[in-house]
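Derivation of every value follows stated rules applied to the coordinates shown; laboratory data play no part. Just so we're clear, the structure is a prediction, and the values are computed from it rather than from any experiment. Here the Cβ positions follow ideal geometry from the backbone for every residue, glycine too, while neighbour counts run over all protein chains shown.
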Amino acid sequence: MDEDENLAVLGVLIEEGAHNETLEEMWSVMPTDEGVAAEPVTLDPSELIPQDLSSFQYDGSLTTPPCDEGVKWTVIDNPIELSREQIDRFQSIYPQNYRPVQDLGDRDVGYHYH
């Protein structure tokens, strides 16, 4: 958060593929219903970031109400993989884990190659 209380969010896309070992411990304690896991896990987020850091950026908002503006989004273009089983497990708890696509409006989307 900067001095104007703007946020920066780093997004990583996910596609179906290989079983993701980095998330395995978290998935093993994930609750069966929406809520808090029974025990904490230690996760190194850097293990979830692809080596190719090509990304796109845009100014937007948070994805949950009140959907406040002032968020600088950076989304890495190269997805990580989760197995179909891992995706299904998450979707069984959070079936509506997305925000409807928003109009581009007057936002500029910039692409950055790394």
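Helix content alone sets the calculated 222 nm mean residue ellipticity of the chain: runs of n ≥ 4 DSSP H residues at -39500 (n - 2.57) each, divided across all residues, give -4000 deg cm²/dmol. Take every pair of alpha-carbon atoms less than 8 Å apart whose residues are at least six positions apart; their mean separation over the length of region 7-112 yields a relative contact order of 40 percent. Phi angles across region 50-63 convert, under the Karplus curve 6.51 cos²θ - 1.76 cosθ + 1.60 with θ = phi - 60°, into 3J(HN,Hα) values of x, 5, 7, 9, 4, 8, 10, 10, 7, 8, x, 9, 5, 8 Hz, Gly and Pro given as x. Per-residue Karplus couplings for region 39-44, computed as 6.51 cos²θ - 1.76 cosθ + 1.60 with θ equal to phi - 60°, are listed in order as 8, x, 10, 9, 9, 9 Hz, Gly and Pro entered as x.
The angle between the Cα long axis of helix 84-93 and the main principal axis of the chain comes to about 80°, on a 0 to 90 degree scale. For GLY70, the residues 5 or more places off, or on other chains, whose built amide H falls under 5 Å of its own are GLY60. For the peptides 71-81, 97-107, the ranking by packing is 71-81, 97-107, with the highest mean count of neighbouring Cβ atoms within 10 Å listed first.
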